[in-house]
Amino acid sequence: MNEMQRELVNATKAVLNANQTSTVIQQILLSAQTLLSAEAASVFLVNHKQKRLEMVASTNLPKAMEKSISFPLGSGVAGWVAKNNTPVVLEDISKDKRFFSAVSQRTGFRTRGYICVPLSVQEKVLGTIQVMNEHTGGNFTDQHKELLQAFAVLASLALEKNRLYSQEIEKRKLQAELKIATTFQNSLLPSSFDPPKGYQIEAYYQSARSMGGDLYDAMQVNGSYMIALGDVSGKGPGAAIWMSGFSNVLRYTIQEGHDPIDHLDHIDRHLHATLPPTSFLTLFLGMIEGDQLRYTSAGHNPMLLAHADGTHEWLEATGLPISLMPDLPRETKIARFNPGSTLVLFSDGVTEAERADGEMYEEERLLQIVKRNLTEPPDKMIRSIVRSVKGFAAGFEQSDDITLMVIKSDS
């Protein structure tokens, strides 16, 4: 193996085996300097935000000095090469009209012979690599330029590899953070229920993304039993954060001994002052009290109360969503929870599920599934609804969170 082959192999190994860009670039520079018989070599990278070339590595300068050397993109020979994506070979750079003397004055290194070639990936210029002064005093040639271009390809590959590697690391960090956040969000959703005597409760939740903006909850409150299902406008982490905040406020209200329906106007005003102006929350909030349901609905889609005799009713919204206009009144209503009746709470991810032709699932399909499963326990009814919704969508991407809560009164 001759010297040229050896240095190219060394540089290639550096690109393949290391993920630290500085280590790779330094190895490439040393190999280029050796192979081109140069006194020094360096790399500048483009800072696109500031439109400057900044030195990131050299074979002859202290690290502290390297970091201080930069100049506007387009200035100097290297700046011209970066701007025009064109290599240059000069016998004496000081005689070229593009020469930028400030770098030589700062470093004390006198440059004569000079080759500079761009570092680029798919026509995007990343920076430049240059060698200075053929060490015997001779001139650099086009053959030297072609060799340096080979090293430029390796350096560009190293930079692109590092960019992709950094993106992958950031992606993994984000995935880990989202996993933690998702675990926290899921911890706010009850995994089991302690329903009042004579009732059965089950729930289901599947977010459209890693995190969602739906909520369900149920618990004993001052001799009554609260059930709640809500949906924050939007999707993803932002919606999840606001829903988590609402969940905490609701639970704090209950811990303080307040009836959540009676206190909902206070929560509304608090969230109006907290949520972004374009965000709002729809919520169905009910209190099971013996054989009746006291409820309020803040802009939520109608909930389905199906009775054992085959009749049903839709529990419509009784006021505006939370955080829109908190000073407007919101009505509280009463519904009978007869033996054998089933209350189905759901988010619009159920009834607004779409198939490929744009048709939505809608309330009528949900009603038919519920009626066919009236004698089934809540968990089986939920499975039937979910199977029906997903079958209707037929593989079409889930566009919204799907949340269900089924409360059944024993016969």
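Each reported figure results from applying straightforward, stated rules to the coordinates on display, with no laboratory input. Bear in mind that the values here come from a model prediction, so they are computed numbers and not experimental data. Positions of Cβ are generated from backbone atoms using ideal geometry, with glycine treated the same way; all protein chains shown enter the neighbour counts.
Structure above, values below:
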{"read-out": "Cα-only radius of gyration and Dmax that characterise the chain, units Å", "value": "34.1, 103"}
{"read-out": "Relative contact order (percent, whole number), region 3-168, Cα cutoff 8 Å, 6+ residue spacing", "value": "24 percent"}
{"read-out": "Which of LEU271, ASN222, TYR361, positive extreme of dipole for the chain (C-beta unit charges)", "value": "LEU271"}
{"read-out": "Karplus-derived HN-Hα couplings along region 322-332 (A = 6.51, B = -1.76, C = 1.60, θ = phi - 60°), whole Hz, x at Gly and Pro", "value": "6, 5, 8, 9, x, 7, 7, x, 10, 7, 10"}
{"read-out": "Taking the C-alpha atoms of region 188-409, convex hull volume expressed per residue in Å³", "value": "113 Å³"}
{"read-out": "Calculated FRET efficiency for the pair MET65/VAL249, C-beta based, R₀ 56 Å, to 0.05", "value": "0.50"}
{"read-out": "Counted charge near LEU281, where neighbours are those whose Cβ lies closer than 11 Å (Asp, Glu -1; Lys, Arg +1)", "value": "-3"}
{"read-out": "Cubic angstrom per residue, convex hull over Cα atoms of region 217-298", "value": "84 Å³"}
{"read-out": "Region 329-363 versus region 54-68: alpha-carbon centroid distance in Å", "value": "66 Å"}
{"read-out": "Straight-distance crosslink candidates among lysines, where the alpha carbon sits under 25 Å from LYS171 and sequence neighbours closer than 8 are dropped", "value": "LYS49, LYS124, LYS161, LYS179, LYS235"}
{"read-out": "Inter-label distance for HIS258 and THR86, nm, one decimal - labels placed 7 Å from Cα along Cα-to-Cβ", "value": "7.2 nm"}
{"read-out": "Cβ-defined net charge surrounding GLY319, 13 Å radius [Lys, Arg +1; Asp, Glu -1]", "value": "-3"}
{"read-out": "Cα→Cβ-extended label distance, 7 Å offset, between ASP357 and PHE109, nm", "value": "7.1 nm"}
{"read-out": "Sorted largest first, extent of region 3-168 alpha carbons per principal axis (Å)", "value": "45, 40, 30"}
{"read-out": "Dipole magnitude of the chain about its Cα centre (Cβ charges: Lys, Arg +1; Asp, Glu -1), debye to nearest 20", "value": "2140 debye"}
